[in-house]
Amino acid sequence: MSNLVRLSVEGGVGVITVDNPPVNALSPGVPDGILAGVGQFGEDDSVNAIVLIGGGRTFIAGADIKEFGKITSGQKRSGPGLTTVIERLENSPKPTVAAIHGTAFGGGLETAQGCHYRVALASAQVGQPEVKLGIIPGAHGTQRLPRLAGVEKAVEMCALGDPISAADAFDHGIVDRVIEGSGYEELLAGAVEFAAGIAAGGGPHPKASERDERLGTPEAAAAICDAARTKVRRIRRGQMAPLKAIDAVQCAVTLPFADGIKREAEIFQECLFSTQSKALIHAFFSERQVRKIPDVPKQTPTRPIRSAAVLGAGTMGGGIAMSYANAGIPVRIKEVTQQALDKGMATIRKNYERSVKRGRFTPEFAEQRLALITAQTGWEGFEGADIVVEAVFENMALKKEVFQQIDGVARSGAVLATNTSTLSVDEIASVTSRPQDVIGHHFFSPANVMRLLEIVRGRETAKDVVATSMALARTLRKVGVLVGNCHGFVGNRMFHPYRREAQFLAEEGAKPSRIDSIMYEFGAAMGPMAVGDLAGLDVGMRVRKEAPHLYPPGTRRPLAEDALCELGRYGQKTGAGWYRYGEDRSRNEDPEVDAVLQRIAAEEGIEQRDVDDNEIRDRLVYALVNEGARILEEGYALRSSDIDIIYLYGYGFPPQRGGPMFYADTVGLASVLERVKEFHAAHGHWWRPAPLLEELAGQGSTFGAWDRARL
Ligand code: 3HC
Ligand code: NAI
């Protein structure tokens, strides 16, 4: 018997317990153990029924994702496949019952579908999240789930991958009974009682593979599947797995079960070996890896954050306050004038109203959250805050003044965070008596929505302040990424050359709308011009003015956006930027922009030409990669996978590409370097290859391998 699976007998019911912490994944040894358990209990005359349950906090959360890399790299695997185990559970003459708490995900839910019955705690969640890893359910889930729940529910679950509650699962026939209680013990007792009752009632016991009462007609299924295809093409743009999952589920209606599972296996293999799947699996592990900081181990104590105070109720301060309130943390928000405060609070209220209208929040939830926000123009209560977050204008003199004030009022031990997007955290910290408590919390706009939080470690930031910030990110439902204190930190430092290159391309004759559409086709949420218009072109103009050292003499300087700003074209907020905007914010090309670009080209002697699509894509994406490589070698990011997470969660980089650094690995660093050298030869200074890129390309290595060497 595998040591990952335990057997026991309770009141005539054989209990198979999977014990593979933390999430009871189906790692090698688990399928074998379940199979052996079913065999042993089948032969044991004192056992009348079998319960399959997960030890610890959860049922089986799916296949072991680490195994997928082994399969695709050709390593041999031993032991029975999961489908053998599932068939054995379904064909057991004694009734089999899956007892679900925590999460039954992926292969876990498929194992449960092989059981004759499923019971669950009300707090449990079930789902087929495989598409989020670029694959489809591969252990008959696309064939059994529609037979249990109907095609519509199965399509929704398999194509979108979101979990559903036990109550929802019960309503759709996936779960047969919701067990009262909240813990493992109650679940086990309820499941044993249920199983004993079923056994006493005699057979036959339902096999999901043989059921057809919910399948419906092929015509009805086709209509459901077509509607789902239209939806996922929009909300999972560029991703292959959701469409493949729909194809597989449709087979449950058009093919007999035996043929359906064959088709599922073919599609599963096709997806598993795709670059998209590798990219999404990379994203899954990177999101977990990002929490690991070599010199701040897991055991590092954290400071409790039970209350917060925010300075500034502008675009960012308001969103930050909402993030705290949404996590149930009371927050004070301070402005300089009552007028600014009222304006900020009105925006917060409007945002909550919009969330209620869209069904994201109930009116009660929104009211409760709003009640957690205290608006004020004075400092009262700041002395009690566990964290103070500064979100005033981006101006060093002002930030220093404000931090001196904070230093005077905040209690000893409070975390002092700045939301600056470019300024030095060390310089800000230097005006306080406690630089060890100062850290950057760089939120992204809109702060209540965007999941990324760059956590900027200053020279003197204490380790427990880093640990507290990382933990706090999770409480705020953000993905915290630790970065170093350089200009623009990681995300904006890379974004700067990306957007500079976009301007250069436009000045060389590429149409702005074409530049945008190439990045959109690449899978980005928006192209660089549209992003510039959204954020405001004046932001970049101000950076160029305030940080002239970024453009040393003799280097080419982007001129287009400064020229657009001179015409009052700041982007969406002024109705025009790279585009002219309609009342409904529709984007229209504008000949005035073409004229500006032609004028710049003529004045600067820039040759206007027909820039090809690949050049546009490569110059934009490799500008990110080359800067990313510099950031890595300078130590401002811990891992290339951290950079990927920043781009996936903060900049709308397409998830199916895995992030810019992973994308470069998939292209091959030698090819990337070759292009960078071509651009260097043609465009000079800005394209000097990063030494780390040259080194890795020379070794035939990857950024991923560089990360692994540092684990
Ligand atoms: N395989 C391998 N490792 C897994 C895993 C899995 N399926 N699920 C989680 N882990 C690991 C994580 O990497 C992490 O490891 P670390 O501590 O070394 O970083 C650890 O388990 C804990 O994970 P989380 O930090 O994510 O824990 P949470 O409590 O926040 O979340 C969870 C738990 C909801 C189960 C979440 O981990 C999750 O969503 N996991 C993935 C589930 C999934 O995608 N299942 C489908 C797999 S594909 C499949 O089953 C194919 C089948 O059709 C054949
Ligand atoms: P904003 O102009 O919308 O808001 C700033 C607010 O601070 C104003 O309402 C102003 O009245 C208030 N303020 C000024 N001095 C103050 C003081 N002494 N005490 C209290 N309030 C004061 O600016 P925004 O966009 O919210 O930016 C704030 C900070 O966040 C800046 O450092 C910016 O660089 C950074 N940031 C901005 C992002 C964005 O997309 N807007 C993204 C990430 C960071």
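If I go through the range 442-460 residue by residue, how many of them are among the polar types (S, T, N, Q) and crowded, with 16+ Cβ neighbours inside 10 Å?
Looking only at that region, the number is 1.
Check whether at least one residue in the range 295-304 is more than 16 Å from ligand 2 (Cβ to nearest atom), aliphatic (A, V, I, L, M), under 15 Å from Ala473 (Cα atoms) and not in a helix (DSSP H, G or I), and report yes or no.
No, there is no match, as no residue in the range 295-304 is more than 16 Å from ligand 2 (Cβ to nearest atom), aliphatic (A, V, I, L, M), under 15 Å from Ala473 (Cα atoms) and not in a helix (DSSP H, G or I).
Looking at the range 10-30, which of its residues are open to solvent by 10 Å² or more (accessible area, probe 1.4 Å) and out of contact with any Asp or Glu (no Cβ under 7 Å at 6 or more places or on another chain)?
Selection gives Glu10, Gly11, Gly12, Asp19, Asn20, Pro21, Pro22, Val23, Pro28, Gly29.
Given the conditions (1) surrounded by fewer than 17 Cβ atoms within 10 Å (Cβ to Cβ); (2) closer than 21 Å to Met240 by Cα, report the number of the one that Lys292 does not fulfil.
With (1) surrounded by fewer than 17 Cβ atoms within 10 Å (Cβ to Cβ); (2) closer than 21 Å to Met240 by Cα applied to Lys292, the lone miss is (2).
Restricting attention to the range 358-380, does a residue exist that is of a type outside the set (Phe, Trp, Tyr), open to solvent by 30 Å² or more (accessible area, probe 1.4 Å) and on the phi > 0 side of the Ramachandran plot?
Yes: one or more hits.
Please work out which residue is farthest from ligand 1 (Cβ to nearest atom), limiting yourself to the range 102-149 and to residues that are farther than 25 Å from Leu280 by Cβ and open to solvent by 10 Å² or more (accessible area, probe 1.4 Å).
This residue is Tyr117.
Just for helices (runs of 4 or more DSSP H) wholly inside the range 106-205: which have at least 3 residues that are within 29 Å of the chain's Cα centre (by Cα)?
Because the criterion is at least 3 residues that are within 29 Å of the chain's Cα centre (by Cα), the helices (runs of 4 or more DSSP H) in the range 106-205 that meet it are 107-114, 141-149, 151-160, 166-171.
Take the range 424-474 and flag every residue that is in a loop (DSSP other than H, G, I, E, B) and either closer than 24 Å to Leu534 by Cβ or within 16 Å of ligand 1 (Cβ to nearest atom) (or both).
Once the filter is applied, which keeps residues that are in a loop (DSSP other than H, G, I, E, B) and either closer than 24 Å to Leu534 by Cβ or within 16 Å of ligand 1 (Cβ to nearest atom) (or both), the range 424-474 yields Phe444, Ser445, Pro446, Ala447, Asn448, Val449, Met450, Arg451.
Restrict the check to the range 68-75 and report whether at least one residue is open to solvent by less than 60 Å² (accessible area, probe 1.4 Å) and either β-branched (Val, Ile, Thr) or within 23 Å of Ile198 (Cβ to Cβ) (or both).
yes
Identify, from the list Gly408, Gly378, Gly384, the residue that is within 12 Å of ligand 2 (Cβ to nearest atom) and of a type in the set (Gly, Ala, Ser).
Gly378
Can you name every one of the helices (runs of 4 or more DSSP H) wholly within the range 495-557 that holds 2 or more residues which are open to solvent by 10 Å² or more (accessible area, probe 1.4 Å) and within 14 Å of ligand 2 (Cβ to nearest atom)?
Per the criteria, 528-535, 537-546.
Mind checking which residues of the range 50-75 are hydrophobic (A, V, I, L, M, F, W, C), in a loop (DSSP other than H, G, I, E, B) and more than 8 Å from ligand 1 (Cβ to nearest atom)?
Within the range 50-75, Phe59, Ile60 meet the criteria.
Could you say whether any residue in the range 202-209 is at pLDDT below 95 and open to solvent by less than 40 Å² (accessible area, probe 1.4 Å)?
Yes, because at least one residue in the range 202-209 is at pLDDT below 95 and open to solvent by less than 40 Å² (accessible area, probe 1.4 Å).
Taking the criterion of being assigned by TED's automatic domain parsing to the domain that holds Leu505, outside any helix (DSSP H, G or I), hydrophobic (A, V, I, L, M, F, W, C) and without any contact (Cβ under 8 Å) to a residue 40 or more places away in the chain, would at least one residue in the range 582-596 satisfy it?
No, the range 582-596 contains no residue that is assigned by TED's automatic domain parsing to the domain that holds Leu505, outside any helix (DSSP H, G or I), hydrophobic (A, V, I, L, M, F, W, C) and without any contact (Cβ under 8 Å) to a residue 40 or more places away in the chain.
Is it true that Val23 is away from ligand 2 (no atom under 16 Å from the Cβ) and either among the aromatic types (Phe, Trp, Tyr) or not in a loop (DSSP other than H, G, I, E, B) (or both)?
Judged against the criteria, Val23 is not a match.
Of the conditions (1) surrounded by fewer than 18 Cβ atoms within 10 Å (Cβ to Cβ); (2) without any contact (Cβ under 8 Å) to a residue 60 or more places away in the chain, Glu335 clears all except one; give me its number.
(1)
Return the residue satisfying two criteria in turn: it lies in the range 329-351 and is part of a loop (DSSP other than H, G, I, E, B) and closer than 13 Å to Thr374 by Cα, and of such residues it is nearest to ligand 2 (Cβ to nearest atom).
The residue in question is Glu335.
So how many residues does the range 667-702 have that are of a type outside the set (A, V, I, L, M), under 21 Å from Phe522 (Cα atoms) and surrounded by 15 or more Cβ atoms within 10 Å (Cβ to Cβ)?
Of the residues in that region, 2 qualify.
With the structure loaded, tell me whether Asp19 is more than 16 Å from Ser165 (Cα to Cα), within 31 Å of the chain's Cα centre (by Cα) and among the charged types (D, E, K, R) or whether it fails that test.
The answer is yes for Asp19.
The values are calculated or read from the model by the stated rules, or taken from the named source; none is laboratory data. Since this is a predicted model, take the numbers as computed values, not measurements. Every residue, glycine among them, receives a Cβ derived from its backbone with ideal geometry; neighbour counts consider all protein chains shown. For accessibility, only protein heavy atoms count, side chains too; no ligands or nucleic acids. Shrake-Rupley method; radii C 1.70, N 1.55, O 1.52, S 1.80 Å.
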